[in-house]
Amino acid sequence: MGNKESRESTTITCPKCTLANKKDAFQCEVCGERLGQIPGECPTCTFAGNDPSALQCSVCATPLQQEDDGSDTKELDPKKIAATQALLSKHAKAIKGDEKSTPPVFASAAFRALPNISEDVKTSLTVSYKEASTLLDTYSEVKSMRDRTKTRPVKEFMLSTLTQGLPLFARKPQINKEVKMCMGYVMFKIFHHKNAQRRKDLMIELADAFTACQAVQQRVIYTMFAKLANVELDFQQQVFKALSQFKHRCLDKAVCAGIGTGADPHWRSACHVAVWDDLGVQVDGLEAATLDKDIRHLNGSARKKVIGLFVGYFNANEFILEFLQDVNQTSTKKRKKGEGDDLTLSRNFGLQKLYQWAAEQDKGTFDPHSIFYDDAHPHDYLAAQAKDQRSYVPYLSPKIARKILRLLGVTT
């Protein structure tokens, strides 16, 4: 009886001729009937030459490993957030013009990755494979670029990313869906840009990312999307987009000061992951940094230095002032009431979007008129607004700028 059980556990019966084959056999020794899938064999095109550990088929790019529906957003640890906020409070400074209030620190919403932008924004604006291919062939600088192995044109990888996403996220379909939509949107914006030189510069910026690793590719695609999508975003989305860029700048400065100006992208991945592990701060692109197979080891004093630098740079005061200064930009161009945003200025926050957001707030919580200059309290402002723009062009005091961000959950 024992011998029979042992024999059954080490064989597999052919359903066609009933021969007892070895359990790990892929086909019957007698009739050739298939008994199982060859490791690395693609279920779509049946190519059997893939490495068993490959994430996708090298012929048709079908995922070979079990998919993970996880996104780039991870669960936040309230205790870790509280501990980090305590560290941030040691560096916090009162805002000029609002010195009597407790110095601000970032609130829990600022610790999260950038919320997913509505798919309506991304899916409505994209390019076809042919349009993208034509655009890439337009510039000799792009045609001459090669991937990180210096062997294959970046065009191949850019078109593959547009249609299939990045191989790095073969088991992360939600992330790859986001990558494809953002890539399509960025290519659309470049394709239809009216300024020829700007169109060329943007195309080279995007293509250059594909000479580096996939973590860099994802970061550049997301950054360019955030930069080009401002018109379609509502005010809250604009704020979180700007916050994402701010966190990336904090990380870049910490890497540069802590590791050195020559630090490669794999050092950045290590610092990226350390900021999440030690502080609970999600900087967009965390999943790519985690999956970086060449990630450096950041330990001991070097890790402590990078974390300390990031805490110093991740200053809510600085973000509030950036927000305020962006909104309060002025132009010499004469504008009339109801004319809309002054397109001669480069803004992260649209004034019309800010006005719409303010009008939608509960008046018991936020006075929509407070986004305009208050002649009765000129000392509340860092500088006075031009008289001909008062009452119809938003202009924020530090106190109101902070209140807006506090209502959005970004700062305390």
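Points to keep in mind about this one:
Okay, residues lined up against (1) farther than 25 Å from Ala113 by Cα; (2) surrounded by fewer than 16 Cβ atoms within 10 Å (Cβ to Cβ); (3) in contact with a Cys (Cβ under 8 Å, 6 or more places away or on another chain); (4) free of Cβ contacts under 8 Å to residues at least 60 places away in the same chain:
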residue	(1), (2), (3), (4)
Phe349	no, no, no, no
Lys353	no, no, no, no
Ala358	no, no, no, yes
Thr365	yes, yes, no, yes
Ala376	yes, yes, no, yes
Tyr381	yes, no, no, no
Gln389	yes, no, no, yes
Leu396	yes, no, no, no
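- Matching residues, segment 120-130, being in a loop (DSSP other than H, G, I, E, B), modelled with pLDDT under 90 and open to solvent by less than 40 Å² (accessible area, probe 1.4 Å): Leu125
- A search for C-beta distances below 6 Å between a residue of segment 292-317 that is under 17 Å from Lys93 (Cβ atoms) and any residue that is outside any helix (DSSP H, G or I) and among the polar types (S, T, N, Q), counting only pairs 6+ apart in sequence or on different chains, returns Ala316/Thr411.
- Single match in Val255, Val220 (criterion: β-branched (Val, Ile, Thr), open to solvent by less than 40 Å² (accessible area, probe 1.4 Å), part of a helix (DSSP H, G or I) and without any contact (Cβ under 8 Å) to a residue 40 or more places away in the chain): Val220
- Pick from segment 227-246, criterion closer than 21 Å to Met158 by Cβ and open to solvent by 10 Å² or more (accessible area, probe 1.4 Å), ranking: nearest to the chain's Cα centre (by Cα): Lys227
- Residue within segment 159-172 that is under 13 Å from the mean Cα position of the chain (by Cα), surrounded by 16 or more Cβ atoms within 10 Å (Cβ to Cβ) and at pLDDT 90 or above present: no
- Exactly one residue among Phe210, Phe188 is over 30 Å from Arg406 (Cα atoms) and touching a helix residue (DSSP H, G or I) at 6+ places or on another chain (Cβ under 8 Å), and that residue is Phe210.
- Within segment 160-175, residues that are within 21 Å of Ala113 (Cβ to Cβ) sit with their Cβ atoms under 9 Å from residues that are assigned to a helix (DSSP H, G or I) and among the aromatic types (Phe, Trp, Tyr), at 6+ positions apart or across chains, in these pairs: Leu166/Phe157; Ile175/Phe169.
- Criterion (under 30 Å from Lys353 (Cβ atoms), at pLDDT 95 or above and of a type outside the set (Lys, Arg)) met by exactly one of Val273, Val255, Val281: Val281
- Residue that is surrounded by the fewest Cβ atoms within 10 Å (Cβ to Cβ) [pool: residues in segment 63-94 that are modelled with pLDDT of 95 or more and in contact with a strand residue (DSSP E or B) (Cβ under 8 Å, 6 or more places away or on another chain)]: Gln85
- Qualifying residues in segment 98-119 (those that are surrounded by fewer than 17 Cβ atoms within 10 Å (Cβ to Cβ) and in a loop (DSSP other than H, G, I, E, B)) - the one farthest from the chain's Cα centre (by Cα): Lys100
- Any hit, segment 131-146, residues being at pLDDT below 90, assigned to a helix (DSSP H, G or I) and of a type outside the set (Lys, Arg): no
- Matching entry among Glu287, Glu318, Glu322 (being part of a helix (DSSP H, G or I), under 19 Å from Thr84 (Cα atoms) and not aliphatic (A, V, I, L, M)): Glu318
The values are calculated or read from the model by the stated rules, or taken from the named source; none is laboratory data. Small disclaimer: the values here were computed from a predicted structure and weren't measured. In this analysis, Cβ positions are derived from the backbone assuming ideal geometry, glycine residues included, and neighbour counts consider all displayed protein chains. Just so you know, the surface numbers come from the protein's heavy atoms only, side chains and all, with ligands and any DNA or RNA stripped out. Shrake-Rupley method; radii C 1.70, N 1.55, O 1.52, S 1.80 Å.
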